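The structure appears right after this line, and notes come after that.
The values are calculated or read from the model by the stated rules, or taken from the named source; none is laboratory data. Owing to the predicted nature of the structure, the values given are computational and were not obtained by experimental measurement. For neighbour counting, all protein chains shown are included, and Cβ atoms are generated from backbone atoms with ideal geometry for every residue, glycine included. Surface accessibility is based on the protein's heavy atoms, side chains included, excluding ligands, DNA and RNA. Shrake-Rupley method; radii C 1.70, N 1.55, O 1.52, S 1.80 Å.
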Amino acid sequence: MEENDLRSLLEKLTVEEKARLLTGADFWTLHPMPKIGLRRLVLSDGPNGVRGTTWDERDTSLLLPVASGLAATWDRAEVRRAGELFGDEAVRRGVHVVLAPTINLHRSPFGGRHFENFSEDPLLTGVIGAEIVAGIQSRGVAATPKHYVGNESETERLTYNAVIDEATLRDCYLAPFRRIVDEAQPWAMMAAYNSVNGHTMTEHSALVNDVLKGEWGFDGVLVSDWFATRSCAGAANGGLDLAMPGPKSPWADGALAKAVQDGEVEESVLDDKVLRLLRLADRVGALGEGGVEQKAVEAPPEQARASIRELAARGFVLLRNENSLLPLDQEVTKVAVIGENATFPAVQGGGSSHVSPPHVVTPLDGIRRALPNAEVHYQRGVRHQRLLDPIPRELVLDPQGDGSGLRVEYLGDEGQVLDTELRGTERLTWQLGAMPEGTRKLRMSGRLTAEVGEHVFGVNGTGNFRVEVSGREVLSADVKSSSEVDDPLGDMLAPPEQRFNVVLVESDLDEAGRVRLAVEFRPVKVDADLICVGFGHRPERWDDATELEAALRAARDCDVAVVVVGTNDEVETEGRDRNSLDLPGPQNELVAKVIAANPNTVVVVNAGGPVLMPWAADAPAVLWTWFGGQEYGDALADVLLGTAEPGGRLPTTLPAALADVPVPLPGVQPVDGELSYEEGPLIGYRAYAARGVTPGFSFGHGLGYTTWSYDGATFDGDAVTVKLRNTGDRAGREVVQVYTADPLRLVGFAVAEAEPGAEVEVTVEVEPGAQDVRVGPSSGDLRLDAGR
Ligand code: BGC
């Protein structure tokens, strides 16, 4: 629609009607306005997939590799395709506005949402972010880069004040947002929870009205982060356009209309917001005659699985590969697969980006599938998850039918059943409004296949639990939250777990070998925005020392050992920063011992942000695989066996030692509410270079399965032309990187591909004004001087 047409629609609305459009109708949708042809707009998280409007394990969405893994491709075309996949998935899920990508920077490796952000470098972040936005929007769906701006920490995330000097703000933290606005014109953007230099971002007129909308010409909708709107006139005049979620907000129930009527907010200010909203609705096809109501369709296209698998492999970074241990010989006969993450991989991080994937291919599944003729021996080795394992769904049968899963009954005041449904056995989540009206309590029951003997069970969530096993009460307890944190995600962040031992005897089991499990749960707050409850289990016979010994035996007995270690979605989550860069639990000990037990050990790291790897120099091969999405295990097998090349390069520096880390732990913790970005622009590789410290693995580093010679580079002021040759014996892909020498800054990059022996020439466009540039395969290996 032309701007004039949008304006004439605007003119048909009263002040009350206009103001009403600017707060959500509920958690994820906006008010329709049939009289001007405006349909209901649907918003949804987030950067790993498109969850839709429910938070329910039965309502599945494609799960892509997380953002740090996408950025690790350093490949514009590849991430454009990822954006298109998000866009297609949004259309399939009936979503008009995707709350992604997250483009805050990896300021400190302790940042809890590292996995959800692309990189420590503003250029790489901006380029990758712009491609994702363009990909999403090519499908007629709005992207929402977030969180504008200064949202690099999770500690006190709702309230801290980031103190950032003007030059650093412009050069580092605003730069990727600006690039995305210039190159991809996002139709929406999200204002952060935090303040910057004294003003909360939902009221920051200087950074919103002057910079974002003024200087950069952003013509989309600035939506608040969820519950981040703090005032009525302040937020309206500060440039915020949409307060989410609804129906309650400081603008709702006539408050914004009244502020206009009282003269606290000019009507023209209100009009500009509504115009932006109508423009957005028009762009996503939710306005006027032409558009159709977005309708969810059943299944994603079959091709999506292959694309996600390829994307994951493209982001895996081969850090070390002594004696070309990888790729493994496809004829390998005995493989030991070791580690908790091989069967419980972290395929996404914690928090609002979470989606329920249709399935997860674990590393063990992937390796077994790829090596049907080999003996594959699995050993868990050590445990590192805080919570007990979820009970596999196939082990639990519906007591009221034949399906598998837990039967959930919603009970009212008198204990009457208000509704019932069959759910999964993973942690269950309800958004406000998802339970039937009047629910006070839940009863969850199932028939669990189990053996006679000792077991440890656990429930997690906050509230009162009463658990029966085959009619015997085995637990009655009030479980309280240990965290004091008041966060919209509540218990999702770190639910308290209550464990209890149960000795199962013959008479507990029916003829089919099943026990009756019944859990009554009265949530501490039935009207919480999110309620979560989960169950866990482990057989009592687990013993760390014995399991570790079994793992080492397997390593010794096999030709190759693949040890999969990593973090999980509790260690790396929204709502909390990390308190350590160590692999959780005794995993370092496990890795060191497996390396000692088998000279052909491949260490696979499954983490979204940096971890320390004290064994790295002894490891024959180290493959960094991020949180790899739903096809993780197949992608891993592809790379281990050489069907695919590990395409990734580090988008963030990996430290050698804790003492070397720029912006170490206290750097993410506000002091008296203030978070000082006192390091200025010196984050990531810039800080290592400035201090002359060599990291564990440099920004930009990553090996492929072939080798390259860099044969020459010429610089014409705007672009560097680089000649290189594939000197190995297989086709390969190289990310050619260009940096200014002093200070060290990435100014351009491009992907080269060549057959064995072939020479290629790539042209790398560089940032305007770049001088004295160097070229190489990583920030730590700049082999060519391209001159001034
Ligand atoms: C997160 C956002 C997210 C929103 C809606 C917030 O807590 O910071 O990234 O889009 O919730 O789930």
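Write out the trypsin sites (Lys or Arg not before Pro) in the stretch 52-149 meeting two conditions: DSSP loop, and at most 13 other Cβ atoms within 10 Å of their Cβ.
For trypsin sites (Lys or Arg not before Pro) across the stretch 52-149 that sit outside H, G, I, E and B with at most 13 neighbouring Cβ atoms in 10 Å, the list reads Arg58.
Could you run the Karplus curve 6.51 cos²θ - 1.76 cosθ + 1.60 with θ = phi - 60° over the stretch 410-420 and give me ³J(HN,Hα) per residue in whole Hz, x for Gly and Pro?
Residue by residue, the stretch 410-420 yields 9, 10, x, 3, 8, x, 6, 7, 8, 6, 8 Hz.
Would you be so kind as to identify which of Ala621, Met444, His199 lies farthest towards the positive end of the dipole of the chain, taking Lys and Arg as +1 and Asp and Glu as -1 on Cβ and the Cα centre as origin?
Value computed over the given set: Met444.
Sequence gap at least 6, Cα distance under 8 Å: using those rules, report the relative contact order of the chain to the nearest whole percent.
Rounded, it is 16 percent for the chain.
Taking amide H positions as placed in the peptide plane 1.01 Å from N, state which residues far from Ala719 in sequence (5 or more) or on other chains have amide H under 5 Å from it.
Val766
Please report, in debye to the nearest 20, how large the charge dipole of the stretch 40-143 is about its Cα centre when each Lys and Arg carries +1 at its beta carbon and each Asp and Glu carries -1 there.
Using Cβ point charges on Lys, Arg, Asp and Glu, the stretch 40-143 gives about 240 debye.
Considering every Cα-Cα pair within the stretch 104-173, what fraction, in whole percent, is farther apart than 14 Å?
Tail fraction, whole percent: 64.
In the stretch 427-481, what trypsin sites (Lys or Arg not before Pro) fall in a loop by DSSP, with at most 12 other Cβ atoms inside 10 Å?
Listed in order of number, the matching sites are Lys480.
Mean shadow of the stretch 530-654, computed from the convex hull of its alpha carbons, in nm²?
Result: a mean projected hull area of 10.1 nm².
What does the accessible area per residue of the chain come to in Å², with a 1.4 Å probe and no ligands, DNA or RNA counted?
On a per-residue basis, the chain sits at 36 Å².
Calculate the length of the line joining the C-alpha centroid of the stretch 539-576 to that of the stretch 650-668, in whole Å.
With the stretch 539-576 and the stretch 650-668 each reduced to a Cα centre, they are spaced 25 Å.
Quick check: the distance between the Cα centres of the stretch 88-152 and the stretch 174-248, to the nearest angstrom?
Computed from Cα coordinates, the inter-centre distance equals 15 Å.
For the chain, what does the helix formula give at 222 nm: sum of -39500 (n - 2.57) over DSSP H segments with n ≥ 4, over the residue count, nearest 500 deg cm²/dmol?
One gets -6000 deg cm²/dmol as the mean residue ellipticity at 222 nm.
Only Lys, Arg, Asp and Glu count, each charged at its Cβ (+1, +1, -1, -1), so figure out the dipole size of the chain about its Cα centre, rounded to 20 debye.
My answer is approximately 460 debye.
Under a cut-off of 26 Å between alpha-carbon atoms, report the lysines in cross-link reach of Lys12, not counting same-chain residues fewer than 8 places apart.
Hits, sequence-local ones excluded: Lys35, Lys213, Lys248, Lys258, Lys273.
As an exercise, take the mean of 1/r over every pair of distinct alpha carbons in the stretch 315-359, invert it, and state the Kirkwood radius in angstroms.
Answer for the stretch 315-359: a Kirkwood hydrodynamic radius of 14.3 Å.
If you take every DSSP beta bridge whose two residues both sit in the chain, what share of them, in percent to the nearest 5, is antiparallel?
70
Return the long-range amide H neighbours of Lys334 (sequence gap of 5 or more, or a different chain), with a cut-off of under 5 Å between placed amide H atoms.
Answer set, sorted by chain and number: Glu375, Asp559, Val560.
Cα convex hull of the stretch 463-603: how many Å³ per residue?
That works out to 166 Å³ per residue.
In the stretch 568-623, which trypsin sites (Lys or Arg not before Pro) fall in coil by DSSP and have 15 or fewer other Cβ atoms within 10 Å?
Hits after loop and neighbour filter: nothing returned.
Could you work out the relative contact order of the stretch 66-118, using alpha carbon pairs under 8 angstrom and six or more residues apart, expressed as a whole percent?
53
Search the structure for amide H atoms under 5 Å from the amide H of Leu318, placed 1.01 Å from N in the peptide plane, and list their residues when 5 or more places away or on another chain.
Long-range HN contacts for Leu318: Trp624, Gly648, Leu703.
Taking the alpha-carbon set of the stretch 708-787, what are its Rg and Dmax in Å?
12.0, 39
From the phi angles alone, apply the Karplus equation (6.51, -1.76, 1.60; θ = phi - 60°) to the stretch 505-515 and give each ³J(HN,Hα) in whole Hz, x where the residue is Gly or Pro.
Running phi through 6.51 cos²θ - 1.76 cosθ + 1.60 with θ = phi - 60° gives 10, 2, 6, 6, 9, 7, 4, 7, x, 10, 9 Hz.
Taking 7 Å along the Cα-to-C-beta vector as the label spot, tell me the Val417-Ser138 distance in nanometres, rounded to one decimal.
Between Val417 and Ser138, the label points sit 5.1 nm apart.
Taking one equal scatterer on every alpha-carbon of the stretch 393-539, how large is log10 of I(q)/I(0) by Debye at q = 0.10, 0.15, 0.21 1/Å?
-0.33, -0.75, -1.40
What's the Kirkwood radius of the stretch 3-283 in Å, using all Cα pairs?
Taking every pair of different Cα atoms in the stretch 3-283, averaging 1/r and inverting gives 18.7 Å.
Karplus couplings for the stretch 8-25 from phi (6.51 cos²θ - 1.76 cosθ + 1.60, θ = phi - 60°), rounded to Hz, Gly and Pro as x?
6, 5, 4, 5, 7, 9, 7, 4, 4, 5, 4, 5, 5, 5, 9, 10, x, 6
Enter the per residue convex hull volume of the stretch 443-486, computed from alpha-carbon coordinates, in Å³ rounded to the nearest integer.
Expressed per residue, the convex hull around the Cα atoms of the stretch 443-486 is 108 Å³.
In 10 Å bins starting at 0, how do the alpha-carbon pair distances of the chain split up by percent?
Reading the bins upward from 0: 3, 13, 23, 25, 20, 11, 4, 1, 0.
Distance between the C-alpha centers of the stretch 671-743 and the stretch 1-55? Whole Å please.
The two parts, judged by their Cα centres, are 43 Å apart.
Compute, for the stretch 708-787, the length of the dipole vector about the Cα centre, with Cβ point charges of +1 (Lys, Arg) and -1 (Asp, Glu) only. Units Debye, rounded to 20.
Taking the Cα centre of the stretch 708-787 as origin, the dipole is about 220 debye.
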